[in-house]
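Colleague: Have a look at this one before I ask anything.
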Amino acid sequence: MQRRSVLAAAALTVPAAVVGTSSPAFAGGSHHDHHHGNPANQPPTKLAQPATKLAARTDRRPVAGGVYDEDARKTYISWGGIREDNYVQEYNHRTGKWSAPVRVADGDNDSHNYPTMVLADDGHILVFRGLHNKELWYARSPRAHTVEGVWTDTIIPEGLGATYPMPFKTDNGDIFVFIRETAGDFDKKFPTDFRPMKYVRSTDNGKTWKSSETLTGQKWNIAPFGRPDNMNEIYIGQLRHEPATRDHRERIAIVYTLAGGGPEGHLHDRYHKNIYYCTFNPRNLHFYAADGTDLGVQIDDAKQEKFLRVLETQLQTPNPRSPDYISLVGTTLGGKLPFVVWQTLDKVTGVVSVWASVYVPGTGWGPGQFFGTGNRVRDMEKVDDLTWRVYTTSSRAAIDTYRLTLGTNAVKEATIPTPQPVQRIEVIGGYRDPARIVCTGTSSGRDVEIADGDIYVIGG
């Protein structure tokens with residue numbers, strides 16, 4: 001891949017037959033953001049600060065940091081405070097006011113135990129956390145459509161060994177939580193670098209749960225094992241719920257990278273390698289490749305390498321780990337062109353380079369298109385059927401946005417000043433301006449005992 005030293009627009013040639021046609025073999029479709037208020041074609045500019053110097057360091061991926069409640073006309077956000085304890089707040093769109101932070105659960109002193117949230121169909125708010133490599137828990141609001149009151153905190157036994165909870169709600173109201181399990185903690189025959197994915201599902205607004213093993217007969221669902229390079233860990237960079245439309249069925253788009261000990265043997269998260277893409281159908285519980293190939297209920301290493309690999313990367317030095325933990329996934333042209341955005345870190349200088357690749361039916365995954373250095377991608381939102389807005393951060397007290405067209409053509413759009421640098425950004429689910437993105441300000445230390453980061457919510 002040819003690197004360039006300046007931001008550039010990367011041209012993509014799309015076969016004429018793709019535009020305006022359907023692809024019956026393609027498993028999925030376009031993403032509907034269901035946002036309201038000011039149009040998404042304008043970057044957000046209005047900044048609110050619901051919490052000041054209360055947020056700790058977090059490793060949260062760009063999944064489920066906030067959600068809009070259309071019935072109550074409220075926006076709910078979640079974030080990790082001191083010791084990564086889980087907090088929520090709500091914004092009332094009628095009054096224009098934020099609530100005070102409400103502590104809903106203990107974070108177990110681990111930056112991996114970030115809160116992620118969904119709004120159940122019964123109006124109750126559910127906030128998930130994984131006690132790192134141990135258990136899956138969720139806090140439930142005491143009343144519907146409000147964060148006020150004393151929340152209940154409940155373990156989900158079916159989520160044993162959970163790390164990195166990634167929840168989503170399907171079109172019919174089912175709630176899934178994808179989690180990663182450190183298999184060797186529970187069965188010593190597995191090495192420490194075998195960390196596969198599984199999930200739990202509730203069909204009754206979170207009251208009861210079933211494991212993916214119960215539902216599919218498979219203990220794990222994305223589970224490469226026995227690789228000679230010892231890269232058997234899954235790091236999902238992002239998953240995205242793409243609702244059904246008249247043109248396609250519902251799906252969950254997933255982008256991930258591998259980690260493991262590499263040439264050093266069985267070691268946890270020593271190296272990173274490759275980018276992969278798949279979709280998940282929450283109705284039949286099957287995974288699919290971008291070309292529509294049905295992979296069944298489990299992805300093993302052979303399926304992953306034959307059908308899902310977007311690109312192959314070379315192992316670098318252990319630090320920095322590259323590709324990065326966060327990668328993004330979306331689709332354009334009504335679901336015909338899925339694309340992924342990922343970032344690499346130079347092994348000598350540590351400079352971040354951002355890349356994107358699009359899948360064209362009949363052609364496959366295109367080569368990685370380079371579109372910028374210096375900033376880290378954090379999340380993105382759909383602007384229209386061709387264009388997405390990518391949110392990026394650096395060490396500066398600002399957020400830079402880029403418009404990404406057809407999955408590869410990136411142009412710098414805007415700079416949004418912030419009172420302090422930002423470490424994480426999540427686009428709020430179904431957002432209504434002025435609450436479009438939730439941002440966690442950078443804490444002054446890597447220790448979760450230090451909680452002096454701000455929480456910002458920015459919208460149009």
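The values are calculated or read from the model by the stated rules, or taken from the named source; none is laboratory data. No experiment lies behind these values; they were computed from the predicted model shown. Note: ideal-geometry Cβ built from the backbone for every residue, glycine included; neighbour counts use all protein chains shown.
Colleague: Is one or more of the residues making up segment 381-395 more than 29 Å from GLY430 (Cβ to Cβ), charged (D, E, K, R) and in contact (Cβ under 8 Å) with a residue 24 or more places away in the chain?
Modeller: No, because not a single residue in segment 381-395 is more than 29 Å from GLY430 (Cβ to Cβ), charged (D, E, K, R) and in contact (Cβ under 8 Å) with a residue 24 or more places away in the chain.
Colleague: Among the residues of segment 175-228, what is the count of those that are assigned to a loop (DSSP other than H, G, I, E, B) and surrounded by fewer than 15 Cβ atoms within 10 Å (Cβ to Cβ)? First the steps, then the outcome.
Modeller: Within segment 175-228, the first condition is being assigned to a loop (DSSP other than H, G, I, E, B), and the residues that meet it are 182, 186-193, 196, 203-209, 217-221, 223-228.
Within this subset, residues satisfying the condition of being surrounded by fewer than 15 Cβ atoms within 10 Å (Cβ to Cβ) are 186-189, 203-204, 207-208, 217, 225-226, 228.
Of the residues in segment 175-228, 12 are assigned to a loop (DSSP other than H, G, I, E, B) and surrounded by fewer than 15 Cβ atoms within 10 Å (Cβ to Cβ).
Colleague: If you check THR440 against the conditions, is it farther than 25 Å from PRO115 by Cα and either in contact (Cβ under 8 Å) with a residue 40 or more places away in the chain or not small (Gly, Ala, Ser) (or both)?
Modeller: So THR440 does not fit the description; no.
Colleague: Sticking with this structure for a sec: Just for segment 387-406: of the residues that are among the polar types (S, T, N, Q) and in a loop (DSSP other than H, G, I, E, B), which one is nearest to the chain's Cα centre (by Cα)?
Modeller: Checking each candidate, the answer is SER394.
Colleague: When residues of segment 145-164 are filtered for being under 21 Å from ASP193 (Cβ atoms) and either among the polar types (S, T, N, Q) or touching a Cys at 6+ places or on another chain (Cβ under 8 Å) (or both), how many remain?
Modeller: The qualifying residues number 1.
Colleague: Follow-up question, since we're still on this one. Specify which of the listed residues (GLU250, GLU242) is within 29 Å of GLU381 (Cα to Cα), surrounded by fewer than 20 Cβ atoms within 10 Å (Cβ to Cβ), among the acidic types (Asp, Glu) and modelled with pLDDT of 95 or more.
Modeller: GLU250 is the lone residue from the list that is within 29 Å of GLU381 (Cα to Cα), surrounded by fewer than 20 Cβ atoms within 10 Å (Cβ to Cβ), among the acidic types (Asp, Glu) and modelled with pLDDT of 95 or more.
Colleague: Follow-up question, since we're still on this one. Report every pair of residues separated by at least 6 positions or lying on different chains whose Cβ atoms are under 7 Å apart, first residue within segment 316-337 and farther than 12 Å from MET380 by Cβ and of a type in the set (Lys, Arg), second in a loop (DSSP other than H, G, I, E, B) and modelled with pLDDT under 95.
Modeller: Pairs that qualify, where the first residue is farther than 12 Å from MET380 by Cβ and of a type in the set (Lys, Arg) and the partner is in a loop (DSSP other than H, G, I, E, B) and modelled with pLDDT under 95, are LYS336/VAL18; LYS336/SER23; LYS336/PHE26; LYS336/PRO361.
Colleague: Mind listing whichever residues of segment 277-295 are part of a loop (DSSP other than H, G, I, E, B) and charged (D, E, K, R)?
Modeller: ARG283, ASP291
Colleague: Would it be correct to say that ALA410 is over 28 Å from ALA51 (Cβ atoms) and under 21 Å from the mean Cα position of the chain (by Cα)?
Modeller: It is true that ALA410 is over 28 Å from ALA51 (Cβ atoms) and under 21 Å from the mean Cα position of the chain (by Cα).
Colleague: Please pick out the residue among LEU295, LEU315, LEU308 that is more than 29 Å from LYS188 (Cβ to Cβ) and in contact with a helix residue (DSSP H, G or I) (Cβ under 6 Å, 6 or more places away or on another chain).
Modeller: None of the others qualify; the one that does is LEU295.
Colleague: Of all the residues that make up segment 49-86, how many are among the basic types (Lys, Arg), farther than 14 Å from SER99 by Cα and buried (at least 21 other Cβ atoms within 10 Å of the Cβ)?
Modeller: Counting residues in segment 49-86 that are among the basic types (Lys, Arg), farther than 14 Å from SER99 by Cα and buried (at least 21 other Cβ atoms within 10 Å of the Cβ) gives 3.
Colleague: Can you spot a residue in segment 263-276 that is under 24 Å from THR405 (Cα atoms), in contact (Cβ under 8 Å) with a residue 24 or more places away in the chain and either out of contact with any helix residue (DSSP H, G or I) (no Cβ under 8 Å at 6 or more places or on another chain) or not in a strand (DSSP E or B) (or both)?
Modeller: yes
Colleague: If you take the residues in segment 112-128 that are out of contact with any helix residue (DSSP H, G or I) (no Cβ under 6 Å at 6 or more places or on another chain) and modelled with pLDDT under 95, which one is nearest to ASN172 (Cα to Cα)?
Modeller: Step by step, filter segment 112-128, then rank; the result is TYR114.
Colleague: Any idea which residue in segment 354-389 is nearest to GLN316 (Cα to Cα), counting only those that are among the hydroxyl-bearing types (Ser, Thr, Tyr) and surrounded by 21 or more Cβ atoms within 10 Å (Cβ to Cβ)? Working first, answer last.
Modeller: In the first step, residues of segment 354-389 are kept if they are among the hydroxyl-bearing types (Ser, Thr, Tyr); the result is 357, 359, 363, 373, 387.
Checking the rest, the ones that are also surrounded by 21 or more Cβ atoms within 10 Å (Cβ to Cβ) come to 357, 359.
Details: SER357: 21, TYR359: 26 Å.
So the residue we want is SER357.
Colleague: Which one of these does GLY334 not meet: (1) buried (at least 17 other Cβ atoms within 10 Å of the Cβ); (2) closer than 18 Å to PHE178 by Cβ; (3) small (Gly, Ala, Ser)?
Modeller: The number of the failed condition is (2).
Colleague: Please return the ranges of strands (runs of 3 or more DSSP E) entirely within segment 296-385 where 1 or more residues are within 24 Å of ILE222 (Cβ to Cβ) and among the polar types (S, T, N, Q).
Modeller: Qualifying strands (runs of 3 or more DSSP E): 328-332, 337-345, 352-360.
Colleague: Which residues, counting only those in segment 290-328, are surrounded by 18 or more Cβ atoms within 10 Å (Cβ to Cβ) and among the basic types (Lys, Arg)?
Modeller: LYS303, ARG321
Colleague: Return a yes/no flag: does segment 203-210 have any residue that is over 20 Å from ASP59 (Cα atoms) and touching a helix residue (DSSP H, G or I) at 6+ places or on another chain (Cβ under 6 Å).
Modeller: Within segment 203-210, one or more residues are over 20 Å from ASP59 (Cα atoms) and touching a helix residue (DSSP H, G or I) at 6+ places or on another chain (Cβ under 6 Å).
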